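Working notes for the structure below.
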Amino acid sequence: MEIAVTTAPADRRRTKPGSAEGLGFGNHFSDHMFLMEHREGAGWRDARIVPYGPLPLLPSAMVLHYGQEIFEGLKAYYAADGSICLFRPEMNARRLNRSAARLCMPEVPVADQLQAIRALVRTDRDWIPRARGASLYIRPAVIATEGALGVRPSAEHLFLVITGPVGAYYARGFEPVRILVEEKFVRAARGGLGEAKTGANYAASLLAAKAAKAEGFDQVLWLDAGERRWVEEVGTMNIFFLLRGELVTPPLSGSILPGVTRDSVLTLAREWGIPVAERPVAIDEVIRGAADGSLSEAFGSGTAAVVSPVGALSFQGEEVLVNRNRVGELSRRLYQEITGIQYGEIPDRHRWVQRVE
Ligand SMILES: Cc1ncc(COP(=O)(O)O)c(C=O)c1O
């Protein structure tokens, strides 16, 4: 793929945040973006890096009416040796294509996605924060751009990649989170869009998350749509429980996102000889386990936090502590191992880290 590069002139350069402190997430965007268009029958065309800015979009663009949109999220960061790295980016690229298939959108060849990401990160390398844990967040997305009304797959699409510096997730230390088990609303039903990374799933989650935040919770834990009994996942993370010494996580049954971090956690736990089960987990088993001590740890897994220990769970109006609201040994070990591999401090036995030369 040929990528035409138009760099931003000095007067279109954006102001970089002064330090990694207070960066937060999603507040800053780098100078450039990658774009390319797809038209049915013609394939992907016009790959280019251009200054970051507004997109020309018809008000009839199908994405605005029928929600045909998919996205990804990954990070570029400076490893200990000063090289710029990506963590398992081909998994994100393959997941984007699975989301594309579910939403009747064209796939973007994995090699082209990776080439676009690498070229963009190289162009905006000055935007990658150097503080340990801070990174350049990368957001690839595909939207339906055909100007037409009528519920059918769009014949035109735009693939875009934007990036922006984000702060270290644990700027104030590795702290357990407080989670509300959501009993009324559901995120996704089996057979729906749950396993695709598409805006609709996040739109569906907003109301419950807003109510939970207002009550002082960090996130909601979703239950299945059919029975409100089986654990699904947390807001933007997959969920794990250490129950009677076994590491348990819900299976990829179609309604949850197949997380890259989830896969990394399962791989490491299996290598360490920890019994692992991908099986349905009833919320009753979790709450009972927290109360009687058979649940020794619970944690979320995701790109942003890597591992996020759960310190308390609220269900049916009652709150139970997990591991007395302390960070568990396995949560800490997994966090240290994954971030150690990412930053080149622990040998990368699985070839998970890719350098951007
Ligand atoms: C709904 C949801 N589940 C799980 C995850 C974790 O996935 P990953 O480990 O690939 O970041 C995310 C984050 O992308 C998410 O948005």
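The values are calculated or read from the model by the stated rules, or taken from the named source; none is laboratory data. These numbers come from a predicted model, not from an experiment. Don't worry about glycine lacking a Cβ; one is built from the backbone with ideal geometry, like all the others, and counts go over all protein chains shown. Surface accessibility is based on the protein's heavy atoms, side chains included, excluding ligands, DNA and RNA. Shrake-Rupley method; radii C 1.70, N 1.55, O 1.52, S 1.80 Å.
Compute the relative contact order of the chain as a whole-number percentage, counting only Cα pairs closer than 8 Å that sit 6 or more residues apart in sequence.
18 percent
What does the extension gain come out to for Asp126 and Glu278, with contour length at 0.36 nm per residue minus their alpha carbon separation?
50.6 nm
Per residue, what accessible area does the stretch 4-166 have, given a 1.4 Å probe and all protein chains present, in Å²?
Heavy-atom accessible area per residue stands at 45 Å².
Tell me, what is the FRET efficiency for Ala10 and Ala80 to the nearest 0.05, using R0 = 25 angstrom and their Cβ-Cβ distance as r?
The formula returns an efficiency of 0.15 here.
How compact is the stretch 4-166 by the rule of thumb for globular proteins, expressed as Cα Rg over 2.2 N^0.38 Å?
1.07
What is the angle, in °, between the Cα long axis of helix 329-342 and the longest principal axis of the Cα atoms in the chain? Nearest 10 is fine, range 0 to 90.
The helix 329-342 is inclined about 20 degrees to the chain.
Tell me the mean residue ellipticity at 222 nm calculated for the chain from its helices only (DSSP H runs of n ≥ 4, each -39500 (n - 2.57), averaged over every residue, nearest 500).
-7500 deg cm²/dmol
What FRET efficiency comes out for Val110 versus Tyr170 if R0 is 25 angstrom and r is the Cβ-Cβ distance? Round to the nearest 0.05.
With a Förster radius of 25 Å, E is 0.20.
So how tilted is helix 89-102 from the main axis of the chain? Cα-based, degrees 0 to 90, rounded to 10.
In the chain, helix 89-102 runs at an angle near 90 degrees to the longest axis.
Take the solvent-accessible surface of the protein heavy atoms, probe 1.4 Å, and return the percent of it on the stretch 4-166 that carbon and sulfur atoms account for.
Looking at the stretch 4-166 in its full context, I get 54 percent from C and S.
Quick one: which of 39-47, 181-189 comes out on top by average Cβ neighbours within 10 Å, and what's the full order, highest first?
The peptides rank, most packed first, as 181-189, 39-47.
What's log10 of I(q)/I(0) for the chain at q = 0.07, 0.09, 0.15 Å⁻¹, Debye sum over Cα points only, no solvent?
Scattering profile of the chain, log10 relative to I(0): -0.31, -0.52, -1.38.
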